[in-house]
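First up is the structure itself, then whatever we jot down about it.
The values are calculated or read from the model by the stated rules, or taken from the named source; none is laboratory data. Quick caveat: nothing in here was measured; it's all calculated off a predicted structure. Please note: Cβ atoms are built from the backbone with ideal geometry, for glycine as well, and neighbour counts cover all protein chains shown.
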Amino acid sequence: MSLNSFGHLFRVTTWGESHGPALGATVDGCPPGVPVEPAMLQHWLDKRKPGKTKFETQRREADEVRILSGVFEGQTTGTPIQLMIENTDQRSKDYGNIAETFRPGHADITYWQKYGIRDYRGGGRSSARETAARVAAGGIAREALKVLAPNLRIVGGLVQMGPHVATGRDWDEVENNPFWTPDAAAAAHYAEYLDEIRKAHSSVGAVIEVVAQGVPAGIGAPVYGKLDTELAAAMMSINAVKGVEIGEGMAAACLTGEANADEIDMGPDGPIYSSNHAGGILGGISTGQDVVVRFAVKPTSSILTPRRSITKSGESIEVVTKGRHDPCVGIRAVPVGEAMMACVLLDQILLHRGQIGGNRGAIGGLL
Ligand SMILES: Cc1cc2nc3c(=O)[nH]c(=O)nc-3n(C[C@H](O)[C@H](O)[C@H](O)COP(=O)(O)O)c2cc1C
């Protein structure tokens, strides 16, 4: 089944396994004439790449992206763009013992039950190495967005680690700490907390927030193609993601209608909303406010603390997952979430252009 692709007009197919020779993405439907150089994609891959700090897996991958097709003399041609990233630091022997064993919290057991064959090395296709390909594709989407929606800016950060919630939202701060957290005080605390978790041979979950600023009003579609639906599906497809919310999300259940209403006034340049509980989306269509998505990732399943499981022949065993692992996968999930936001928004802007063209409904004489 061909379920390795996402997007409608900007369509991304990823391929490859964790310990195979390479992995990558085929990006089809990118408009022609978009300036693209490998360095533009590399910037985002470097943000996701493992081993940058002690808080990440020590697998040392250069994650160097090669553009094999679809870009000529520094511009996209409108033909399929093939992106390839070589795997250079596989240590499959670390994973030899999982050939017969199902690691708790991993997809070993379900891939085996479904396919009856699996590349177990480093989790094979189910490994989050796959997300490197998404980040490369997201780099293409970002460049196309610069052309089609020049005011659009995507920011993201880790806003909760375990029970510790970051309240600040200084998006310039994310570059200043190893957690991509938009709150300097929270980041200082996370360093200490995650060190304790790591030394205890444990791991912890996280919440990541991704915000798109400058999204024009009118992007998205009603009913089955809601912008919320597309974003939720995209974020939920990231490894380890177990929850997604838009705007107020689950907390909306605690609010009254008055508290939740984003009241509207007429401003000099168009409508002004008093708040953004809706996360920038009404009826599946963008309002022109920030589009706000949060997703929760579960704690890293590979831990050094023994956990109970079974082998392929059904015997009980204890699993201690050696190898190199992130104590909190939420950190490296930040650039992945940003990439998915870029891909979905570009796809939706292309769909909007296809159906609506330049037609708009005026408010107070303003378009
Ligand atoms: C960027 C990123 C890095 C990850 N690294 C690890 C890791 O080092 N060890 C681990 O056990 N899980 C890691 N995961 C999560 C697993 O890939 C994931 O839990 C597993 O494939 C099972 O899939 P599921 O959790 O989506 O059901 C990572 C996830 C992301 C997004």
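Suppose we filter 191, 184, 132, 141 for residues that are of a type outside the set (Val, Ile, Thr), under 22 Å from the mean Cα position of the chain (by Cα) and more than 16 Å from the ligand (Cβ to nearest atom); which single one remains? Step through it out loud before you land on a result.
Working: 191 fails: under 22 Å from the mean Cα position of the chain (by Cα); 184 fails: under 22 Å from the mean Cα position of the chain (by Cα); 132 fails: more than 16 Å from the ligand (Cβ to nearest atom).
The unique qualifying residue is 141.
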Scanning region 229-266 for residues that are hydrophobic (A, V, I, L, M, F, W, C), closer than 19 Å to residue 7 by Cβ and not in a strand (DSSP E or B) gives 231, 232, 233, 234, 235, 236, 238
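Check region 114-136 and report whether any residue there is aromatic (Phe, Trp, Tyr) and either closer than 20 Å to residue 280 by Cα or part of a helix (DSSP H, G or I) (or both).
The answer is yes; a qualifying residue exists.
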Selection from region 96-119 of residues among the polar types (S, T, N, Q) and more than 13 Å from the ligand (Cβ to nearest atom) yields 97, 101, 113
Listed by first then second residue, the pairs whose first member lies in region 328-345 and is over 18 Å from residue 27 (Cβ atoms) and modelled with pLDDT of 95 or more, whose partner is more than 11 Å from the ligand (Cβ to nearest atom) and of a type in the set (Lys, Arg), with beta carbons under 7 Å and at least 6 positions apart or on separate chains, are none
Considering only residues that are within 16 Å of the ligand (Cβ to nearest atom) and among the hydrophobic types (A, V, I, L, M, F, W, C), which ones fall in region 45-92?
45, 55, 85
Residues of region 179-228 being closer than 30 Å to residue 356 by Cα, touching a strand residue (DSSP E or B) at 6+ places or on another chain (Cβ under 9 Å) and assigned to a helix (DSSP H, G or I), which ones?
227, 228
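Within region 130-151, which residues are among the basic types (Lys, Arg) and farther than 18 Å from residue 28 by Cβ? Working first, answer last.
The initial filter retains those residues of region 130-151 that are among the basic types (Lys, Arg), namely 134, 142, 146.
If the condition is that a residue be among the basic types (Lys, Arg) and farther than 18 Å from residue 28 by Cβ, then 146 is the only one that fits.
When you go through 44, 15 one by one, which is the residue that is under 27 Å from residue 242 (Cβ atoms) and out of contact with any helix residue (DSSP H, G or I) (no Cβ under 6 Å at 6 or more places or on another chain)?
Working: 44 fails: out of contact with any helix residue (DSSP H, G or I) (no Cβ under 6 Å at 6 or more places or on another chain).
Only one candidate passes the filter, namely 15.
Could you run through region 30-69 and say how many residues are part of a loop (DSSP other than H, G, I, E, B) and farther than 17 Å from residue 145 by Cβ? Can you show your working first?
Quick first cut of region 30-69, residues part of a loop (DSSP other than H, G, I, E, B) only: 30-34, 36-37, 49-64, 68-69.
Then drop every residue that is not farther than 17 Å from residue 145 by Cβ, which leaves 49-64, 68-69.
Residues meeting the conditions: 18.
Restricting to region 312-357, what's the tally of residues that are of a type in the set (Lys, Arg), closer than 30 Å to residue 145 by Cβ and either buried (at least 23 other Cβ atoms within 10 Å of the Cβ) or within 15 Å of the ligand (Cβ to nearest atom) (or both)? Step through it out loud before you land on a result.
Our first condition is that a residue be of a type in the set (Lys, Arg); within region 312-357, this holds for 312, 322, 324, 332, 353.
Next, from what is left, pick out any that are closer than 30 Å to residue 145 by Cβ: 332, 353.
Then keep just the ones that are either buried (at least 23 other Cβ atoms within 10 Å of the Cβ) or within 15 Å of the ligand (Cβ to nearest atom) (or both); that gives 332.
Qualifying residue count, region 312-357: 1.
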Within region 195-209, can you find the residues that are surrounded by fewer than 15 Cβ atoms within 10 Å (Cβ to Cβ) and either in contact with a His (Cβ under 8 Å, 6 or more places away or on another chain) or acidic (Asp, Glu) (or both)?
195, 196
Out of region 210-226, which residues are closer than 13 Å to residue 290 by Cα and either without any contact (Cβ under 8 Å) to a residue 24 or more places away in the chain or crowded, with 22+ Cβ neighbours inside 10 Å (or both)?
210, 211, 212, 215, 219
Give me the residue from region 266-311 that is within 21 Å of the chain's Cα centre (by Cα) and basic (Lys, Arg) and, out of that set, nearest to the ligand (Cβ to nearest atom).
298
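Considering only region 315-322, I want to know if a residue exists there that is over 20 Å from residue 129 (Cα atoms), outside any strand (DSSP E or B) and polar (S, T, N, Q). Step through it out loud before you land on a result.
Within region 315-322, the subset over 20 Å from residue 129 (Cα atoms) is 315-320.
Subset that is outside any strand (DSSP E or B): 315, 320.
The next check asks that each one be polar (S, T, N, Q); those that pass are none.
No, that holds for no residue.
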Determine if region 157-169 includes at least one residue that is closer than 24 Å to residue 306 by Cβ, buried (at least 16 other Cβ atoms within 10 Å of the Cβ), within 13 Å of the ligand (Cβ to nearest atom) and touching a residue at least 24 places away in the same chain (Cβ under 8 Å).
no
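Select from region 64-108 the residues that are acidic (Asp, Glu) and under 26 Å from residue 241 (Cβ atoms) and write down the one among them that is modelled with the highest pLDDT. Don't jump to the end; show me each part of the working.
Start the filter on region 64-108 by keeping residues that are acidic (Asp, Glu), which leaves 64, 73, 86, 89, 94, 100, 108.
Subsequent filtering for residues that are under 26 Å from residue 241 (Cβ atoms) retains 89, 94, 108.
Details: 89: 79, 94: 61, 108: 96.
Out of the qualifying residues, it is 108.
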Filtering region 1-28 for residues that are surrounded by fewer than 20 Cβ atoms within 10 Å (Cβ to Cβ), part of a strand (DSSP E or B) and of a type outside the set (Lys, Arg) leaves a count of 5
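Residues of region 186-225 being out of contact with any Pro (no Cβ under 7 Å at 6 or more places or on another chain) and either of a type in the set (D, E, K, R) or at positive phi (or both), which ones? Give the derivation first.
Residues of region 186-225 that are out of contact with any Pro (no Cβ under 7 Å at 6 or more places or on another chain), as a first pass: 186-193, 195-196, 199-202, 206-225.
The answer is 192, 195, 196, 199, 201, 209, 214, 218, 220, 223.
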May I ask you to say which residue of 196, 258, 245 is touching a Lys or Arg at 6+ places or on another chain (Cβ under 8 Å) and away from the ligand (no atom under 16 Å from the Cβ)?
245
Filter region 271-307 for residues that are touching a strand residue (DSSP E or B) at 6+ places or on another chain (Cβ under 6 Å) and at pLDDT below 95; the one that is farthest from residue 225 (Cα to Cα) is 306
